[in-house]
Each structure stands twice: as C-alpha cells, then as structure tokens.
Amino acid sequence: MTSKKRLLAILAHPDDESLGFGGTFARYAAEGVETFLITATRGQRGRYGTAAQSPGLEIVGKAREKELFEAAQVLGIQKVHLLDYLDGNLDQADPGIIVPEIANLIREIKPQVVLTFGPDGLYGHPDHMAISQFTTAALTKAALPEFESAVGNPHLVSKLYWFAWPPLKWSLYQAAFKKLTMQVDGQIREAQSSPEWMVSTRIETASFWQTWWNAIQCHQTQIAIYDRLKTLSEAEHLQLWSSQEFHRAFSMVNGGRKLEVDLFDGLC
C-alpha cells in the first residue's frame with residue numbers, strides 16, 4: 001500500500017461531490033491528502049437553472065460537466081474520472097462493464113479510504129443506490145488476484161464510508177433546500193434521517209465552510225431555484241457546513257463504537 005494518504009469518492013452525478021461531500025474534500029485536500037473523484041454520469045436529466053423546460057440531454061450534460069470540474073478545482077480534488085453513463089439509467093448499467101471499470105480505477109488510484117452513498121441512496125434515488133452497489137462490488141473485484149487487469153496489482157481498500165444524515169443536519173438541510181422526494185415506479189420516496197447511533201464518524205469542517213459553499217455555488221444549474229440559500233447568514237451556513245457525518249461500512253484497521261473524528265483513523 002502507498003504511504004501517501006489517498007481519498008476517493010465514487011458518486012453518481014455532478015453536484016454530489018459538493019452538496020454531499022464538499023467539506024470532507026476541502027478539509028483533506030488542505031491537509032495534503034490526495035483526493036480523487038469518480039462520477040458516473042453527467043447529470044443530463046437534471047435542472048437547467050430556472051428554465052421551465054430542459055434544453056436537452058446534451059446541453060444539460062455539457063453544462064453540468066463544466067460545473068463539476070469547476071467545483072472540483074475549488075475543492076482541491078486532484079483528479080476527476082467522469083464515466084459515460086446516462087443520468088437516471090445508472091441502475092440499468094451492465095455490472096459486467098461498470099464494475100470492472102470502477103475496479104480498474106481503484107487499482108490505479110490506490111485509495112485507502114473510499115466514500116459513497118449508503119444502500120438507501122439518501123432518499124431512494126435509483127442512481128445513488130446503484131452507485132453504492134457498484135462501488136461495493138468494485139472494491140471486492142479490485143482486491144481479487146484473479147481479476148486480470150492491465151492497470152495494476154490487486155488493491156485492498158482499508159475503509160469504506162457511507163454518507164450519513166443525522167436528524168439535526170437533515171432538518172437544517174431540508175429547511176435550507178426543500179423536502180427531498182422523488183417518484184419511482186409510481187411510489188413516492190422521501191429522504192429519511194439516519195439514527196444518531198449510525199454515525200460512526202464526524203469530520204470537523206467549520207474551517208472550510210466557505211470553500212464548501214463556493215463549490216456548491218459552481219452548480220448553478222441545480223441550485224438556482226433555491227432562493228432561501230441566497231439569504232442565509234454566516235451562522236446559518238456554519239450550521240449546515242460545519243461537519244460531515246459518515247457511517248463506517250467496513251474497516252480493515254479499526255472498529256468499535258468510539259466516534260471517529262478522522263476518516264484515516266487507524267491508518268498510518
């Protein structure tokens with residue numbers, strides 16, 4: 001394993017890295033950790049600012065791709081790997097293609113720590129749920145000696161974390177943005193907070209809230225409709241962006257119930 005600390009997030013859409021994990025990226029980049037991002041889609045089915053109708057998948061995808069790279073630069077992400085899957089259809093991707101694709105990138109990057117969404121996809125978003133499943137499968141494949149790859153040798157990731165949304169943070173987020181729901185197969189899926197006991201790790205990010213917020217603002221196609229964000233005070237921003245919470249899905253180096261304050265806890 002490389003002695004250099006490396007952090008990789010594997011996510012579904014442009015803006016996931018900022019709205020979901022921006023504080024963590026900003027903090028660890030500032031501390032000299034090499035940070036990387038895999039984004040599976042260009043977010044082609046997302047909003048296009050305040051436009052009532054989408055100008056089409058290609059135009060939206062190009063706009064959001066540009067926003068993604070701008071936000072990554074703000075957050076100090078060393079490299080972004082943008083895959084070529086269609087927003088909204090990620091759960092239909094062929095596992096025989098996407099899992100080896102991600103596994104090859106894991107072998108290339110050699111991260112000790114990987115971040116992604118939990119199995120519930122935050123609010124039942126099919127793309128978020130799919131990338132969680134593909135990430136888990138790819139972590140396994142990247143470590144298998146029998147997985148033949150020209151990219152590099154087998155690599156065992158030491159720790160996997162899922163985004164966690166404790167009750168207080170969830171209520172603050174809902175107040176600033178909106179009630180997160182989506183309709184899937186005729187049923188409404190709604191965001192639910194994580195029980196506080198599921199939070200295994202809380203990362204202090206208050207010193208980086210401005211960087212985090214600057215990265216979020218890069219995604220104007222998605223946040224332009226949230227007028228409430230334009231009027232938040234610094235104190236309200238700090239409430240939202242002063243910490244990041246995670247659930248430790250697996251660890252090869254530590255365990256137990258003690259609250260972690262560092263994703264690299266247990267690693268040299």
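Descriptive notes on the structure:
- Residues located in the range 1-32, provided they are surrounded by fewer than 22 Cβ atoms within 10 Å (Cβ to Cβ), over 10 Å from the mean Cα position of the chain (by Cα) and of a type in the set (A, V, I, L, M, F, W, C): 1, 29, 30
- When the residues of the range 214-241 are filtered to those that are of a type in the set (Ser, Thr, Tyr) and without any contact (Cβ under 8 Å) to a residue 60 or more places away in the chain, the one that is surrounded by the most Cβ atoms within 10 Å (Cβ to Cβ) is 226.
- Within the range 213-268, the residues that satisfy the criterion of being assigned to a loop (DSSP other than H, G, I, E, B), of a type in the set (A, V, I, L, M) and in contact with a Gly (Cβ under 6 Å, 6 or more places away or on another chain) are 224, 253.
- Picking from residues in the range 169-201 that are crowded, with 16+ Cβ neighbours inside 10 Å and either modelled with pLDDT of 90 or more or of a type in the set (Ser, Thr, Tyr) (or both), the one that is farthest from residue 265 (Cα to Cα) is 189.
- Count of the range 17-55 residues which are among the acidic types (Asp, Glu) and touching a Gly at 6+ places or on another chain (Cβ under 9 Å): 0
- Odd one out for residue 159 among (1) of a type in the set (Lys, Arg); (2) more than 21 Å from residue 83 (Cβ to Cβ); (3) more than 17 Å from the chain's Cα centre (by Cα): (3)
- With respect to the stated conditions, residue 132 fails to be of a type in the set (Ser, Thr, Tyr) and surrounded by fewer than 20 Cβ atoms within 10 Å (Cβ to Cβ).
- The residues of the range 82-116 that are in contact (Cβ under 8 Å) with a residue 60 or more places away in the chain, over 28 Å from residue 201 (Cα atoms) and crowded, with 22+ Cβ neighbours inside 10 Å amount to a single one, 90.
- Residues satisfying the stated conditions in the range 53-81, i.e. in contact (Cβ under 8 Å) with a residue 40 or more places away in the chain and hydrophobic (A, V, I, L, M, F, W, C): 60, 63, 68, 71, 72, 74, 75, 77, 80
- Only residues that are without any contact (Cβ under 8 Å) to a residue 24 or more places away in the chain and among the aromatic types (Phe, Trp, Tyr) were counted in the range 149-169, giving 0.
- Selection status of residue 207, surrounded by fewer than 13 Cβ atoms within 10 Å (Cβ to Cβ), modelled with pLDDT under 95, assigned to a helix (DSSP H, G or I) and not hydrophobic (A, V, I, L, M, F, W, C): no
- Failed item in (1) in a helix (DSSP H, G or I); (2) out of contact with any Lys or Arg (no Cβ under 9 Å at 6 or more places or on another chain); (3) farther than 25 Å from residue 10 by Cβ; (4) among the basic types (Lys, Arg), with residue 179 passing the rest: (1)
- Against the test of being touching a Ser or Thr at 6+ places or on another chain (Cβ under 8 Å) and either of a type outside the set (Ser, Thr, Tyr) or assigned to a strand (DSSP E or B) (or both), the options 7, 19 yield a single qualifying residue, 7.
The values are calculated or read from the model by the stated rules, or taken from the named source; none is laboratory data. This structure is a prediction, so every number in the text was calculated from the model and none was measured. Here Cβ is always computed from backbone atoms with ideal geometry, including for glycine, and neighbour counts include all displayed protein chains.
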